[in-house]
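Worksheet for the structure shown next.
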Amino acid sequence: MKKILLSILLSTLLFAATPEQVDRYLSISNADEQLVELETQFSRMQTNLNSISKEEDTQSYDMQLLSIRFKEYLQKHLSEDEMDEILNLYKNVILLQFVSATAEEVSDPKEAEAYVKKLETDPESHMRIELVKKISHEMYDKESMVLMFDNLMKPLLENAQGGDKLDPEMLKKSREAYVKRMIEETENETLYATRDFTFEELEALEKIAREPVIDKESKAVFGATAYALEEFFLSLAKRYDIKKHQPGNH
């Protein structure tokens with residue numbers, strides 16, 4: 001009983017992050033621009049699906065809800081003190097450099113691919129690759145990638161046409177493939193984004209990435225993304241046919 005009372009007391013004392021803190025975070029972390037990009041991409045996807053849907057009553061999901069739900073989740077899952085810690089960390093020049101580098105649009109994805117391949121064939125780049133992979137693993141939490149699959153892809157597949165015939169083993173393999181692809185993509189993107197960083201700057205960035213608050217931020221952002229998108233993904237399910245999206249059916 002005492003434990004329950006203490007946990008309720010603690011959760012009451014840990015004030016939620018303020019809307020002002022969340023807005024400040026979205027601005028300096030570049031998450032606000034990423035949200036706008038998400039809204040644009042998913043609006044396009046929804047329009048395309050609606051145009052080919054055989055259903056007469058095709059309801060459109062209000063994309064502005066993505067930002068609202070994202071902010072709501074961050075406010076609820078990060079305390080005021082935790083958000084202060086995160087905002088203070090973002091005063092670091094190296095972290096701001098990283099945010100700026102990852103925000104840059106890659107004009108040609110093949111350019112990034114070619115850079116990574118070239119780096120991998122250079123024996124002298126081995127230490128650099130290993131260090132950047134550490135940074136990527138610390139900044140982009142694997143457990144959160146699993147959460148993204150479980151909260152978005154799994155409900156989409158289960159509620160799609162043919163979802164009732166899904167084999168649990170197939171879902172498990174889909175999750176593993178999804179997480180593997182996400183890890184590889186984030187590693188490659190981080191390698192390319194930090195191509196102009198010196199080794200000393202990468203070491204400083206890796207030190208920042210090991211800060212416990214970065215793990216809290218990563219989990220909160222992935223959780224907020226999943227929460228922001230889950231209703232939209234469920235709205236897609238009726239128009240998603242598993243057979244058409246299986247390998248060999250493209």
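The values are calculated or read from the model by the stated rules, or taken from the named source; none is laboratory data. Just so it is clear, the structure is predicted and the values come from calculations on it, not from any experiment. Every residue, glycine among them, receives a Cβ derived from its backbone with ideal geometry; neighbour counts consider all protein chains shown. Heads up: the accessible areas ignore ligands, DNA and RNA and are worked out on the full protein's heavy atoms, side chains in. Shrake-Rupley method; radii C 1.70, N 1.55, O 1.52, S 1.80 Å.
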Using alpha-carbon positions, what is the distance between the centroids of region 25-45 and region 73-96, in Å? 19
Region 174-187 - phi-based ³J(HN,Hα) in whole Hz, Karplus 6.51/-1.76/1.60, Gly and Pro as x: 5, 4, 4, 5, 5, 5, 4, 5, 4, 5, 4, 5, 5, 4
Okay, which of region 62-95 sit inside 11 Å, backbone N to the point 7 Å along the Cα-Cβ direction of Lys219? 78
Gyration tensor on Cα atoms of region 97-180, a ≥ b ≥ c root eigenvalues, a/c under 1.5 rounded, else prolate if a/b beats b/c, else oblate, says prolate
Virtual spin-label span in nm between Phe199 and Glu184, 7 Å along Cα→Cβ: 2.9
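If packing is taken as the mean number of other Cβ atoms within 10 Å per residue, what is the order of 196-208, 68-80, 167-179, highest first?
Ranked by mean Cβ neighbours within 10 Å, highest first: 68-80, 196-208, 167-179.
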Over region 25-146, what percent of the accessible surface lies on carbon and sulfur atoms, probe 1.4 Å? 50
With every protein chain kept in place and a 1.4 Å probe, region 82-130 has an accessible area per residue in Å² of 69
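So between Ala101 and Lys238, what do we pick up on full extension, going 0.36 nm a residue minus the alpha carbon distance? Provide the component values of the computation, followed by the final result.
Numbers: separation 137, 0.36 × 137 = 49.32 nm, distance 3.83 nm.
Going from the current span to full extension adds 45.5 nm.
Can you classify region 59-107 as rounded, prolate or oblate using the Cα gyration tensor, where a ≥ b ≥ c are the square roots of its eigenvalues, rounded means a/c under 1.5, and otherwise it's prolate if a/b beats b/c and oblate if not? Walk me through the numbers before you get to the answer.
Working: a/c = 5.52, a/b = 1.23, b/c = 4.49.
Oblate, because a/c is 1.5 or more while a/b does not exceed b/c.
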